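The values are calculated or read from the model by the stated rules, or taken from the named source; none is laboratory data. On a predicted model such as this, the values are computed, not experimentally measured, just so you know. Methodologically, a virtual Cβ is constructed for each residue, glycine included, from the backbone with ideal geometry; neighbour enumeration extends over all protein chains shown. These area figures cover heavy atoms from the full protein model, side chains too; ligands, DNA and RNA do not enter into them. Shrake-Rupley method; radii C 1.70, N 1.55, O 1.52, S 1.80 Å.
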Amino acid sequence: FRFVIKGSLAGAAVYVAYDQGLLGSGTQGAEALKKAQAALPPAIQEWTSYMGWELPATPKFDFSPSDSWNKGVQTVMSALSVAPTRACEYTVEGWKYVK
């Protein structure tokens, strides 16, 4: 019974992620993040006022996942492109050391 509940929750989470565009391209993910940033603060404010709690103001972040992703991909590709040259340099240095 617990397995069915956990499987249902996992399936629902995957469905919601797919439906909101989180499993699509980077631009779809960025759009989904913008939607979430616009929808979450009012929902949290409504929920906390209903519960009688008071939360501090949320900080504003200027963060672009697609820019970070692109920077990471560029860094990895740059490292891979110079890897053969570096390997040759290290091999030559190793042979000099062994001699």
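Using just its DSSP H runs of length 4 or more, each adding -39500 (n - 2.57), the chain gives a mean residue ellipticity at 222 nm of -28000 deg cm²/dmol after division by all residues. Scanning the chain for chymotrypsin sites (Phe, Trp or Tyr not before Pro) that sit in a DSSP loop and have at most 15 other Cβ atoms within 10 Å, the longest stretch containing none of them is 2-52. Projecting the Cα atoms of Trp47, Gly11, Met77 onto the charge dipole of the chain (Cβ charges, centred on the Cα centre) puts Met77 farthest toward the positive pole. The residues of the chain present an accessible area of 93 Å² per residue when probed at 1.4 Å with all protein chains retained. Which one is right for this structure if semi-axes √(5λ) of the Cα gyration tensor in Å is calculated from it: [x] 45, 22, 16; [y] 58, 29, 15; [z] 47, 21, 15? Looking at semi-axes √(5λ) of the Cα gyration tensor in Å for this model, the match is [z]. When the GluC sites (Glu not before Pro) in the range 16-99 are filtered for DSSP coil states and for at most 15 other beta-carbon atoms within 10 Å of their beta-carbon, the remaining sites are Glu54. Each part gets one Cα centre, and for the range 67-91 versus the range 27-43 those centres are 33 Å apart. For the range 26-58, the residues whose amide N sits under 11 Å from a probe point set 7 Å from the Cα of Val73 along the beta carbon direction are 26-27.
Dipole of the chain, Cα-centred, from +1 at each Lys and Arg C-beta and -1 at each Asp and Glu C-beta, to the nearest 20 debye?
On the way: 9 positive and 8 negative charges, 88 e Å.
Dipole of the chain, to the nearest 20 debye: 420 debye.
Rolling a 1.4 angstrom probe over the chain with all protein chains present gives an accessible area of which 66% lies on carbon and sulfur atoms.
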